[in-house]
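Values in this text are rule-based calculations from the coordinates and carry no lab data. Please read all numbers here as calculations on a predicted model, not as lab measurements. A quick note on method: Cβ atoms are made from the backbone with ideal geometry, for glycine too, and the neighbour counts reach across all protein chains shown.
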Amino acid sequence: MRDHEQQLNDAGASIVAVGLGGRHYAHGFREQTGITFPLLIDKDRQAYGAVGLKSASLLHLARKDNFAARQRAKEGGHRQHRLGKDPLQLGGSFIFAPDDQDLFVHVSETFGDNAEVGSLLEVLRNSQ
């Protein structure tokens with residue numbers, strides 16, 4: 001999201017990240033990744049549960065799609081940061097709009113299973 005923040009903002013989005021760690025971890029994560037958008041802390045996983053995010057197992061590490069995602073990340077210059085509170089927690093991407101509208105929901109099935117930025121931009125542009 002960091003690399004596409006301006007595009008998403010131009011399309012009408014406000015990016016917010018949600019993490020499991022405490023303030024110290026969030027501060028370090030912000031410094032390591034260079035994100036400038038808000039980073040909220042959900043120590044009790046209330047937001048994670050509300051949107052139905054999943055947890056991985058150690059078997060996910062051996063999946064072909066996970067291996068491919070690790071390769072793409074490595075080739076893109078990304079590296080593994082310090083492990084957080086629950087390294088098996090999977091993420092997701094969402095676009096929420098006023099009046100409780102869920103315009104886009106992507107729940108990750110494994111590590112590296114992220115929503116395509118193009119899909120997010122398309123939904124944003126079509127919602128205006």
**OP:** Specify the longest stretch of the chain that does not include any exposed loop site, a site being one of the GluC sites (Glu not before Pro) with a non-H, G, I, E, B DSSP assignment and at most 16 other Cβ atoms within 10 Å.
**Re:** 1-108
**OP:** Per residue of segment 87-103, in order, report the coupling 6.51 cos²θ - 1.76 cosθ + 1.60 (Karplus, θ = phi - 60°) as ³J(HN,Hα) in whole Hz, putting x for Gly and Pro.
**Re:** x, 9, 5, 8, x, x, 9, 9, 10, 10, 10, x, 6, 6, 8, 9, 7
Subject >> Long-range HN-HN contacts of GLY92 with modeled amide H, under 5 Å >> reply: SER108
Original post:
Under 5 Å between amide H atoms, partner at least 5 residues away or on a different chain: which partners does ILE41 have, H built in plane at 1.01 Å?
Top reply: GLY19
**OP:** Excluding residues on the same chain fewer than 8 positions from LYS43, give the aspartates and glutamates whose Cα lies under 13 Å from its Cα.
**Re:** ASP86
Subject >> Listed residue (GLY49, LEU20, HIS106) projecting farthest to the positive dipole end of the chain, Cβ model >> reply: LEU20
Original post:
Where both partners of a DSSP beta bridge lie in segment 2-126, what percent of those bridges are antiparallel, to the nearest 5?
Top reply: 70 percent
Subject >> Fraction of the pair-distance distribution of the chain above 26 Å, Cα-Cα pairs, percent >> reply: 22 percent
**OP:** Report, in deg cm²/dmol and to the nearest 500, the calculated mean residue ellipticity at 222 nm for the chain, where each DSSP H run with n ≥ 4 adds -39500 (n - 2.57) and the sum is divided by the residue count.
**Re:** -9500 deg cm²/dmol
Original post:
Non-local amide H neighbours of PHE104 (under 5 Å, H modeled in plane, Pro and chain starts lacking H): which ones?
Top reply: ILE95
Subject >> Net charge of Cβ neighbours under 11 Å - reference PHE37; Lys, Arg +1; Asp, Glu -1 >> reply: +1
Original post:
Within the chain, which is the longest segment containing none of the trypsin sites (Lys or Arg not before Pro) that sit in a DSSP loop and have at most 12 other Cβ atoms within 10 Å?
Top reply: 83-128
